[in-house]
Amino acid sequence: MYRLVNKTKLSLLQGDITRQSTDAIVNAANSGMMGGGGVDGAIHRAGGPAILEDCKQIISQQGRLPTGEAVITSGGNLQAKHVVHTVGPVWHGGLSSEPELLASAYRQSLRISVENGLKSISFPSISTGAYGYPLKLAAPIALETVIDFLNRDESIKEVVFVLFEDKTYQAYARALEALLPETA
Ligand code: ADP
């Protein structure tokens, strides 16, 4: 499913983000940036050691990546030329700034992509795996944040949410339909 936002195509698809050919794919990383499970492990496995080398360089220069921030590396062997690494919040019940930090992870990922002249970007569902953010709460925040950004900035031409599991796709599809109903 897709919607046009400003002049940008915003689409949802079910699949594996490592196979996307957008200019960048976003990694739901952790602050240490040394790889991990879930989508992080899949991206490092598919992209090879060049990504980890870039991550180590960044950590040695600026230390751990704070929650809600984003950095960019090469895409190694991926079709995407770049990986944007961001750290979503761990869910602690919702009263520890989780919504703001989740929105920030999406916003900073878009911002660094624009700064690097990128035109297309793919996101996974940040924080809803190991980090435990409830899917029904995360999906509208993810979509609202991206839509708001696209309404202010026209340089990105395509945003794709690549959702690994059917229930994740369904939650995002419902949230997108609620935010931008299909006009008859
Ligand atoms: P977090 O630690 O931010 O919760 P996870 O990687 O544990 O990150 O989970 C985030 C989402 O990414 C989950 O919905 C998970 O199913 C999904 N995911 C796992 N592997 C992939 C993949 N190859 N492509 C896209 N999404 C993936």
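Figures for the structure shown
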read-out	value
Shape category assigned to the chain from the gyration tensor of Cα positions, a/c cut at 1.5	prolate
Percent carbon-and-sulfur accessible area, the chain, ignoring ligands, DNA and RNA, probe 1.4 Å	50 percent
Cross-link table Lys56/Lys119; Lys56/Lys167; Lys7/Lys136, entries beyond 30 Å C-alpha to C-alpha	Lys56/Lys167
Long-range HN-HN contacts of Val5 with modeled amide H, under 5 Å	Leu10
Between helix 166-179 and the chain: long-axis angle, C-alpha atoms, 0 to 90°, nearest 10	50 degrees
Qualifying GluC sites (Glu not before Pro) in the range 46-106, DSSP loop, other Cβ atoms within 10 Å at most 11	none
Label-zone membership for the range 1-39, site Lys56, 7 angstrom Cα→C-beta point, backbone N under 17 Å	32-36
Sequence-distant residues sharing a close amide H with Glu69 (under 5 Å, placed H)	Val87
Cut-off under 5 Å, modelled amide H: who pairs with Asn30 long-range	Gly35
Potential extension, Glu158-Ser31 segment - 0.36 nm per residue separation minus Cα distance	43.0 nm
Local net charge near Pro124, Cβ-Cβ under 10 Å (Lys/Arg +1, Asp/Glu -1)	-2
Solvent-accessible area per residue, Å², over the chain with all protein chains present [probe radius 1.4 Å]	48 Å²
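The values are calculated or read from the model by the stated rules, or taken from the named source; none is laboratory data. These figures come from a predicted structure and were not determined experimentally. As a convention, Cβ positions derive from the backbone with ideal geometry for all residues, glycine included, and neighbour counts pool all protein chains shown. We work out accessible area using only protein heavy atoms, side chains counted, and drop any ligands, DNA or RNA first. Shrake-Rupley method; radii C 1.70, N 1.55, O 1.52, S 1.80 Å.
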